[in-house]
Every structure is written in structure tokens, then in C-alpha cells.
Amino acid sequence: MPLPLMISDLISASINTESSDKAELIQTHISFIILTDSYVYKIKKPVNLGFLDFSTIEKRRFYCMQELELNRRLSPDIYIGLLEVRKREGHFFYDGKGELVDYAIKMRRIPEDLMMLNLLKKGAVDLQMVENVARTIADFHRDAQRGDAISTFGRPEAVRENIKENFLQTERYIGKTVSYEKYHAIKEYALDFINQNSALFKKRMDKGRIRDCHGDIHMEHVCIADKIYIYDCIEFNDRFRYGDVASDIAFLAMDLDFHEEKKLSDKFVESYIKASGDEEIMLLIDFYKCYRACVRAKVDSFELDDPSLSEEEKEEAGRIARKYFDLAFCYAGK
């Protein structure tokens, strides 16, 4: 599909601003991301998907500011600031004169070869690295905001809402990315776990284990460079970010399992427990790993309905979604 004129112009503006030889465009279902040699420009798409709403310029500005504030908790050196997108003489530019039409987040570009997933593919992630990542996250969780309003997201009812929403949104993929039997077995396990462990969920609330977390910690959001950078947290919906710290670390542990690195996954969880003193996590880790695997399966299943993707891309998305559902099935002890 042809690019919007605004994005085409901003690609040129990015090259000119940074005196870069070229710029690369990456699209997600919610953002246009322009990469130059040294910087990244992120523009939110004007979409309303129910669980996020970027449909107006006011909302896009608000969530841009949220993204900057929240991600500076773990990566203050990366998130530079907010740029205005202005239109003059029929073209679009960063800042300057003209009609204000949108906003862009400017970030420093992280070396791709130092991303945790790329390091893993090269066999360069070791036990010491995952221990360092675990300590970084434990320190972050220790200082993360908490309070009565945030703690309510740890209630069994709130956790159940997230679980049920996941299954409601993936039901239409039964027979495509998950079998009827596996879908219902995973669902039964998850809902039974909540029903049988309501006292544990409430105990976690009482202990202050429900925090303003990251919400999306997997290897594509971790960079191991001069220090550890963890970026791109959930800014668009507090419900997906507020939660048990066990759910936050379960995402990365699950991601390592998905890539068949169980030794590293176990070391990561063990190191987090040692750094945080939170031994109860072992009672919850498989439940939250199962939830996180279902979230990833859902996201990849959604790509089957994306008209901009080729049949080959959809086939690959389906394969990955099935693998995530299989992993969730394993966590469910089935």
C-alpha cells in the first residue's frame, strides 16, 4: 500500500535533519518507525483498537508523553523528546512553522547487534548476562510506583478479566493457530488456577508486589551494551502495565523458553528471586508464563487478518502463533 504523504515527507526530513545517507521505515499495527544511522523517529498511527486509542491528535500527544516518561525509567539515555510535525506549503516537517498536525518521539538508535534476541542467535547470551538483566529488573521493580489504585489490578477478578479477554480475542483462531482441545485445556487451566489461588493473589497485593511495571519485557526490548537498556514499555493502557512483578518477569522467562533456552530462563528467574527476595514467584511463574505465551500467540494470530501482509508472511505468523499456543499448553501441564 502507498505510504501517506506525511510519512514519505518525514522520511526525507529525518535524512536531512541527521545528515544521514538513508532512512529505513518499519511499520507496526500502531506506529510508523523511521530509523536513520543514529536516531529513531516514532509516529503513532491514528487508530482506535479498543484497548488503545490514538484517534485524535490530543490523544497521540498524551500517549507520546506517556511513552517518554515511562520509558525513561529504564532507558533515560535513549528517549530524547517530543517533536512537533507541521505542515506548510503542502509538505510535512519536524517543528518550525506551519499547521501542527501530529507528533513524533525522537530516540537514540540502539545497535541492533546488541539486542538480546540477536545476541542469543549468535550464541552470545550467557548466564552472567541474564543474571545482570534480572538484577536490573529487580531494581526497577523495587522502585516502581505502587499504591492502592495500582494494587487493585492484582485482584483475582482483575487478573481473570485479562485472561478471559485473551481467550475471547483468540476464539476465532480455533482451527487456525490452535486446536479446539488445546484452546479449552489452556483456558480451563488458567481460570482454575485463579479460582484455586485467590488467597495467593490477595497476599501478593498485601505485600506490595503489584507495581507500575514495564508490561512488555521480551528479548526484542532488551539491549545489552555499555549497560542494560529495557525500552518500549506499555504506555497506551495502564491495565496492561499495572500488575504483579511475577507477570513482568514471566514474559522474558517465557521468551527464553520459546527459543529453547530453558537453562537461561531458569537462571533468569532464579537470579531475579535472589535479587528481590520474592520467593513466592515460583508459585506463580508457570501461570504467568502461560498467560504471556497466549498474549504472544494472540498478537501473531492477529496478523492472519492483516491485509497488508503477504500469504507467506501470514503463514509464518500462523506457525509462530501455533508454537506459542503449544508452549502455553505445556505450561498448563497438559
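Looking at (1) in contact with an Asp or Glu (Cβ under 9 Å, 6 or more places away or on another chain); (2) part of a helix (DSSP H, G or I); (3) touching a residue at least 24 places away in the same chain (Cβ under 8 Å); (4) not polar (S, T, N, Q), which is the one condition that is false for PHE325?
PHE325 satisfies all of (1) in contact with an Asp or Glu (Cβ under 9 Å, 6 or more places away or on another chain); (2) part of a helix (DSSP H, G or I); (3) touching a residue at least 24 places away in the same chain (Cβ under 8 Å); (4) not polar (S, T, N, Q) except (1).
Among the residues of the range 105-122, is any out of contact with any Phe, Trp or Tyr (no Cβ under 9 Å at 6 or more places or on another chain), closer than 22 Å to PHE287 by Cα and surrounded by 14 or more Cβ atoms within 10 Å (Cβ to Cβ)?
Among the residues of the range 105-122, not one is out of contact with any Phe, Trp or Tyr (no Cβ under 9 Å at 6 or more places or on another chain), closer than 22 Å to PHE287 by Cα and surrounded by 14 or more Cβ atoms within 10 Å (Cβ to Cβ), which makes the answer no.
Can you give me the number of residues within the range 60-97 that are surrounded by fewer than 16 Cβ atoms within 10 Å (Cβ to Cβ) and within 16 Å of MET6 (Cβ to Cβ)?
7
I want to confirm something. Restricting to the range 300-310 and keeping residues that are in contact (Cβ under 8 Å) with a residue 12 or more places away in the chain and open to solvent by 10 Å² or more (accessible area, probe 1.4 Å), which single residue is nearest to CYS330 (Cα to Cα)?
Of everything passing the filter in the range 300-310, ASP300 is nearest to CYS330 (Cα to Cα).
Being touching a residue at least 60 places away in the same chain (Cβ under 8 Å) and of a type in the set (Gly, Ala, Ser) is the filter; apply it to the range 221-264 and report the residue that is farthest from ASP206 (Cα to Cα).
ALA225
Which condition breaks for ILE26 when tested against (1) in contact with a strand residue (DSSP E or B) (Cβ under 8 Å, 6 or more places away or on another chain); (2) of a type outside the set (Asp, Glu); (3) touching a residue at least 12 places away in the same chain (Cβ under 8 Å)?
(3)
Is it true that some residue in the range 279-296 is over 16 Å from the mean Cα position of the chain (by Cα), within 15 Å of ALA134 (Cβ to Cβ) and buried (at least 20 other Cβ atoms within 10 Å of the Cβ)?
Checking the range 279-296: at least one residue is over 16 Å from the mean Cα position of the chain (by Cα), within 15 Å of ALA134 (Cβ to Cβ) and buried (at least 20 other Cβ atoms within 10 Å of the Cβ).
So which pairs qualify, if the first residue must be in the range 36-59 and open to solvent by less than 20 Å² (accessible area, probe 1.4 Å), the second must be among the acidic types (Asp, Glu) and in a strand (DSSP E or B), the Cβ gap must be under 7 Å, and the two must be at least 6 apart or on different chains?
Cβ pairs passing all conditions: ILE43/ASP102.
How about the range 235-276: which of its residues are crowded, with 19+ Cβ neighbours inside 10 Å and not in a helix (DSSP H, G or I)?
Answer for the range 235-276, where residues must be crowded, with 19+ Cβ neighbours inside 10 Å and not in a helix (DSSP H, G or I): GLU235, PHE236, ARG241, TYR242, GLY243, ASP244.
The values are calculated or read from the model by the stated rules, or taken from the named source; none is laboratory data. Keep in mind the model is a prediction, meaning the values are calculated, not measured. For neighbour counting, all protein chains shown are included, and Cβ atoms are generated from backbone atoms with ideal geometry for every residue, glycine included. Heads up: the accessible areas ignore ligands, DNA and RNA and are worked out on the full protein's heavy atoms, side chains in. Shrake-Rupley method; radii C 1.70, N 1.55, O 1.52, S 1.80 Å.
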